[in-house]
Each structure stands twice: as structure tokens, then as C-alpha cells.
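Colleague: There's a structure below that I have some questions on.
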Amino acid sequence: MKRMNLDPGPGHGSEQEKEQLIRDLMQDRDFAAVMKAAGVPQDEYTRHPYRLEMIRQNSMVCRNCQGLSSCKQKQTGYREMPVYDGVLESSLQPCRYLQDKQKKEAHLAGYLVNDLNPSMYQLSFAKIELNGEDPGYLNILGTVVESYKAGQGIFLYGPMGTGKTYLAACAANEYAGDKGRCAFVHVPSFSARIQSAYRTGEHHGEIEYLQYADFVVFDDIGAEDITSRYLNLLLTVLDRRMQEKKMTWFTSNEDFRSLENHYSVTSSGEDKMMAKRILERIRVLSRPVYMDGKNRRTF
């Protein structure tokens, strides 16, 4: 909480103007409520009216605000508020909309790597609407939830748009909120990220996070660009997770066979042995769960 000096400097208006300002301040019910909540005594109105007017003008910007998307403050979600501990000061404090957002997103601190789309930050198994769902989806959902509770790995595969990433995001959010030390990795982005950072060595931190995080989701594996360097790094991560028996989930449009074919050909040529080594670890880490059904994406 950053406190600010409220001294407005010399050269304010006449005594009559000052008295009028004091009356305006005291008649502003909204501002009076702010002052009362901060424990500012009544005599501060007369002692420091110009200081209080600065705070009031800032707070007026927030009146009738509909949310963070329409925030007019210089720093979104923060407003200047009075602080009193014997001396009148002010500080930038989060508004109720930002406080609500921070509360809802507190679980994100549990992510070591987070490639989730912000629209998925609030997903959870408990919020899934089950009314009208077909038995096939309910069966898959039951399998996924049971696997999560048992700490078991899953390879969730099937056609695009059936909700694989959605269910994996539910699991990751719940784990981040309850236990922390998890990661949600969009594999195509991860591949591009670590290869671009390889020369500087900046990829080491992310690789270590993915090796030792207690729960990792590798989302959309099989859709990434392949190089020998990337496969070596992926193998390093998966091998460590296999040795440590860490819960690991995958989502993919590929099955095990087509994923192995995908990893068999790199920009440097064919490497079937590397592909087999990677798939062996994925098989040990997870059990395949096929997810079919309607396309759930909206455009």
C-alpha cells in the first residue's frame, strides 16, 4: 500500500472559498462514508480541506463504475483513499471489483507455468453444467474426476472441440487452489518458447518447473513443431516425471500411434527411436481416455 503526501502546496483561495469547500466536503454523503470507514476524525475537514478535496476528486471518478473494463483511474482498479493514524495521508487501494478479481484468481499463484487462456481461470469440475449432457460425456467426466482424485495420469485424446482442454483446465485450477505447484502448458507455445530461448539458456527455468511440478498438463501435445533439440528437452522432462511418479495429463488430437509418427520425423530427419522413447514415457505416465462427441466450441 503506497502512501502519498497530500500537501497541496501554498496559494489556495480566500477564506470564504475555503469555508465553502468544507461545507461541500461535509455534505458529500458518499465521501463522508469513505472518511468514516478510514477513521478520519471530523476536525480534519477544517484542518485539511484541500487535501481531502484531492482525494474526493479522485474518488468521484469511481462513482457509478460498472467494473474494471470501464475503469477510468490511471492505474486500473486502484483508487486513492484516505489513511489516518494521527496524520492524514492517502494510499492507492484496490477497489471492490479488483479485490473480487484478486480473490477469484488467488489460485493462480499455485501455477509454476501458466499457459491457460484467461477465460479458463475460473473453470472447475463443480461448475460444469450437467443438465442435458449425454451419457457418453458424463461417463468421460466421471473417469476424469476419478483419475484426478486418485492422482492418476490421463492421455485425453479425440477430435477437436470436444472439451479436452476444458476438463484439463478444471483439474489444473483445482490443484493450483488446493495444493499449488502445478503447470498448464500449451505444448505448441512451449515448443516455440524454449527453442527461441535456447541460446540464452533462459529455457532452463521452465524445464525445471515442468520436471518437478507435482501436477502438469501438457495441452495439445502433437500439434507442435518438431526439432531434435525440442525432443531431447521433452524427453528430459517426461523421463524425470516418470522417475518421480508425478501426476501428468495430456490432451491431444492424436492417439499413441499417430503421436509416435509425429515425433518420428524432425527438421533434421527421421528418428524413430527417439519417438519410441518419448511415447514409452507417456504410456507409463498416463492411461488413454478417448473423448468423442459434439463440438463444444462457440465462435
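Here is a yes/no grid of residues against (1) of a type in the set (Gly, Ala, Ser); (2) under 23 Å from Thr162 (Cβ atoms):
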{"site": "Lys179", "(1), (2)": "no, no"}
{"site": "Asp220", "(1), (2)": "no, yes"}
{"site": "Ala223", "(1), (2)": "yes, yes"}
{"site": "Thr227", "(1), (2)": "no, no"}
{"site": "Val237", "(1), (2)": "no, no"}
{"site": "Phe256", "(1), (2)": "no, yes"}
{"site": "Leu259", "(1), (2)": "no, yes"}
{"site": "Met273", "(1), (2)": "no, no"}
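Colleague: Based on this model, can you work out whether Leu116 counts as closer than 25 Å to Gly180 by Cβ, assigned to a loop (DSSP other than H, G, I, E, B) and either at pLDDT 95 or above or not assigned by TED's automatic domain parsing to the domain that holds Lys245 (or both)?
Modeller: Spelling it out, Leu116 is indeed closer than 25 Å to Gly180 by Cβ, assigned to a loop (DSSP other than H, G, I, E, B) and either at pLDDT 95 or above or not assigned by TED's automatic domain parsing to the domain that holds Lys245 (or both).
Colleague: Does Leu98 satisfy the condition of being hydrophobic (A, V, I, L, M, F, W, C) and surrounded by 21 or more Cβ atoms within 10 Å (Cβ to Cβ)? First the steps, then the outcome.
Modeller: On the way: hydrophobic (A, V, I, L, M, F, W, C): yes; surrounded by 21 or more Cβ atoms within 10 Å (Cβ to Cβ): no.
It is false that Leu98 is hydrophobic (A, V, I, L, M, F, W, C) and surrounded by 21 or more Cβ atoms within 10 Å (Cβ to Cβ).
Colleague: Next question. Filter region 14-40 down to residues that are assigned to a loop (DSSP other than H, G, I, E, B) and either closer than 21 Å to Arg63 by Cβ or among the basic types (Lys, Arg) (or both), then give me how many there are. Even if it seems obvious, please write down each step before you answer.
Modeller: Our first condition is that a residue be assigned to a loop (DSSP other than H, G, I, E, B); within region 14-40, this holds for 14, 28, 38-40.
Retained after the next criterion (residues that are either closer than 21 Å to Arg63 by Cβ or among the basic types (Lys, Arg) (or both)): 28, 38, 40.
Matching residues across region 14-40 total 3.
Colleague: (1) in contact (Cβ under 8 Å) with a residue 12 or more places away in the chain; (2) within 30 Å of Lys127 (Cβ to Cβ): which one isn't true of Tyr50, the others all being true?
Modeller: Of (1) in contact (Cβ under 8 Å) with a residue 12 or more places away in the chain; (2) within 30 Å of Lys127 (Cβ to Cβ), only one is false for Tyr50: (2).
Colleague: Sticking with this structure for a sec: Step by step: first the residues of region 211-260, then only those that are free of Cβ contacts under 8 Å to residues at least 60 places away in the same chain and aromatic (Phe, Trp, Tyr), then the one that is surrounded by the fewest Cβ atoms within 10 Å (Cβ to Cβ). Which residue is that?
Modeller: The selected residue is Tyr212.
Colleague: When you scan region 126-135, how many residues do you find that are in contact (Cβ under 8 Å) with a residue 40 or more places away in the chain and surrounded by 12 or more Cβ atoms within 10 Å (Cβ to Cβ)?
Modeller: Residues meeting the conditions: 1.
Colleague: I would also like to ask the following. Kindly check whether there is at least one residue in region 57-80 that is of a type in the set (Val, Ile, Thr), more than 35 Å from the chain's Cα centre (by Cα) and outside the structural domain of Tyr121 (by TED's automatic domain parsing).
Modeller: Start the filter on region 57-80 by keeping residues that are of a type in the set (Val, Ile, Thr), which leaves 61, 76.
Within this subset, residues satisfying the condition of being more than 35 Å from the chain's Cα centre (by Cα) are none.
No, because not a single residue in region 57-80 is of a type in the set (Val, Ile, Thr), more than 35 Å from the chain's Cα centre (by Cα) and outside the structural domain of Tyr121 (by TED's automatic domain parsing).
Colleague: Do the conditions hold for Gln152, that is, is it in a loop (DSSP other than H, G, I, E, B), in contact (Cβ under 8 Å) with a residue 60 or more places away in the chain and in contact with a strand residue (DSSP E or B) (Cβ under 8 Å, 6 or more places away or on another chain)?
Modeller: On the way: in a loop (DSSP other than H, G, I, E, B): yes; in contact (Cβ under 8 Å) with a residue 60 or more places away in the chain: yes; in contact with a strand residue (DSSP E or B) (Cβ under 8 Å, 6 or more places away or on another chain): yes.
Yes; evaluated as a whole, the condition is true for this residue.
Colleague: Also: When you go through (1) outside the structural domain of Ala172 (by TED's automatic domain parsing); (2) surrounded by 12 or more Cβ atoms within 10 Å (Cβ to Cβ) one by one for Gln122, which number turns out not to apply?
Modeller: (1)
Colleague: Now a separate question. For region 261-299, what are the residues that are among the charged types (D, E, K, R) and surrounded by fewer than 14 Cβ atoms within 10 Å (Cβ to Cβ)? Show your work before the answer.
Modeller: If we filter region 261-299 for residues that are among the charged types (D, E, K, R), which is where we start, we get 270-272, 276-277, 280-281, 283, 287, 292, 294, 296-297.
Scanning region 261-299 gives Glu270, Lys272, Lys276, Arg287, Asp292, Lys294, Arg296, Arg297.
Colleague: A follow-up question, please. Please enumerate the residues belonging to region 232-285 that are within 24 Å of Glu174 (Cα to Cα) and either part of a strand (DSSP E or B) or among the small types (Gly, Ala, Ser) (or both).
Modeller: Residues satisfying the conditions are Met247, Thr248, Trp249, Phe250, Thr251, Ser252.
The values are calculated or read from the model by the stated rules, or taken from the named source; none is laboratory data. None of these values were measured; they are calculated from a predicted model. Cβ coordinates were reconstructed from backbone atoms using ideal geometry, including for glycine residues, and neighbour counts include every protein chain displayed.
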